[in-house]
Amino acid sequence: MAQKIVRQDDLPDVLTAQHIANFLGISRRRVYELLKMSPGVGGIPSFEIGASKRATKVDFLAWIEAKKIQSAGA
């Protein structure tokens with residue numbers, strides 16, 4: 001079982017779905033759904049390396065902050 005990452009500082013610069021799942025405490029399948037979605041409709045900004053989806057730490061943390069603001073305004 002992968003170790004849960006609990007601090008932002010512990011995240012690598014380029015994240016896999018597993019890194020994101022561990023950090024958020026959600027399933028890897030749900031992360032892949034979020035990575036497939038357009039950022040304009042709430043998806044995590046990502047890029048592909050071959051068939052693999054990745055997200056940068058900077059984009060991922062910005063996405064989290066945007067979600068916090070969005071949730072606070074709801």
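The values are calculated or read from the model by the stated rules, or taken from the named source; none is laboratory data. The structure presented is a predicted model; accordingly, all values stated were derived computationally and were not measured. Heads up, the Cβs are rebuilt from the backbone with ideal geometry, glycines too, and the neighbour counts pull from every protein chain shown.
Take Leu15 and decide whether it is touching a Gly at 6+ places or on another chain (Cβ under 8 Å) and either among the hydrophobic types (A, V, I, L, M, F, W, C) or at pLDDT 95 or above (or both). Lay out the reasoning, then the answer.
Working: touching a Gly at 6+ places or on another chain (Cβ under 8 Å): no; either among the hydrophobic types (A, V, I, L, M, F, W, C) or at pLDDT 95 or above (or both): yes.
For Leu15, the condition - touching a Gly at 6+ places or on another chain (Cβ under 8 Å) and either among the hydrophobic types (A, V, I, L, M, F, W, C) or at pLDDT 95 or above (or both) - is not met.
Out of curiosity, is Ser71 more than 12 Å from the chain's Cα centre (by Cα) and small (Gly, Ala, Ser)?
yes
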